[in-house]
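The values are calculated or read from the model by the stated rules, or taken from the named source; none is laboratory data. In this text, all values refer to a predicted model and were calculated from it rather than measured experimentally. Neighbour counts run over all protein chains shown; Cβ positions are idealised from the backbone, glycine included. Just so you know, the surface numbers come from the protein's heavy atoms only, side chains and all, with ligands and any DNA or RNA stripped out. Shrake-Rupley method; radii C 1.70, N 1.55, O 1.52, S 1.80 Å.
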Amino acid sequence: MRRATGRDHSPLCRPLDRAYSRLVAGLALAMLATLVVAAAAALLVYRAETHTAQQAARHRHTVTAVTTGPAGSADPRAGGVRVYAPARWTYPVGPGTGIVPVPDGTLAGTAVRVGLNDAGDPVRAPKPVDLIVTDAVLVGFGTVTVLGFGAEGVFALRRHALERRAEKGWEAAWEQVEPRWSGRR
């Protein structure tokens with residue numbers, strides 16, 4: 001840190017050494033900033049998704065519906081896990097019908113619980129807390145990964161430039177020292 005801030009007054013400390021020390025200190029600060037930004041991003045995602053889930057829960061009402069047909073094939077978009085059946089229900093805005101998720105093997109005339117929005121249309125349950133936390137953690141890790149690799153890439157490019165500069169400086173100094181060292185003039 002003394003060298004990076006210019007307080008190292010050693011005669012062996014070159015300006016190039018100070019630049020390299022500042023680069024290393026800069027990388028440490030960039031990584032610290034990356035962690036702060038990632039934590040902030042994860043927190044923002046968590047808060048936004050929690051707010052969305054709470055809003056959806058406020059406008060979701062559970063009613064009992066009666067299936068009007070047998071359970072159909074699984075939804076291919078859900079990986080074949082969900083099964084749906086036609087159903088009808090009564091809600092304060094009037095009777096409704098639609099396709100709702102049901103357990104596999106549900107027969108016509110079976111009572112099932114259905115979530116409806118304020119307009120009486122079927123809606124999915126709000127996102128559970130474990131999925132919200134998973135999304136926030138993934139955003140945090142993704143942010144650390146992207147920003148960390150970016151900082152490391154900038155560090156590597158700058159270090160390479162400093163090493164090239166040091167090599168050029170060494171060659172020029174060696175041209176002056178080598179004749180005296182080897183005995184050639």
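Data table
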| quantity | calculated |
| --- | --- |
| Conditions (1) outside the structural domain of LEU35 (by the TED database); (2) out of contact with any His (no Cβ under 9 Å at 6 or more places or on another chain): number failed by GLY115 | (2) |
| Selection count, region 32-67, where residues are among the hydrophobic types (A, V, I, L, M, F, W, C), within 16 Å of the chain's Cα centre (by Cα) and surrounded by 16 or more Cβ atoms within 10 Å (Cβ to Cβ) | 4 |
| When residues of region 10-19 are limited to those that are at pLDDT 65 or above and part of a loop (DSSP other than H, G, I, E, B), the one farthest from PHE141 (Cα to Cα) | SER10 |
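Residues checked against (1) closer than 30 Å to TYR46 by Cα; (2) open to solvent by less than 50 Å² (accessible area, probe 1.4 Å); (3) among the aromatic types (Phe, Trp, Tyr); (4) not assigned by the TED database to the domain that holds LEU44:
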site: THR134; (1), (2), (3), (4): yes, no, no, no
site: LEU138; (1), (2), (3), (4): yes, no, no, no
site: GLY150; (1), (2), (3), (4): yes, yes, no, no
site: GLY153; (1), (2), (3), (4): yes, yes, no, no
site: ARG159; (1), (2), (3), (4): no, no, no, no
site: ALA166; (1), (2), (3), (4): no, yes, no, no
site: GLY169; (1), (2), (3), (4): no, yes, no, no
site: GLU175; (1), (2), (3), (4): no, no, no, no
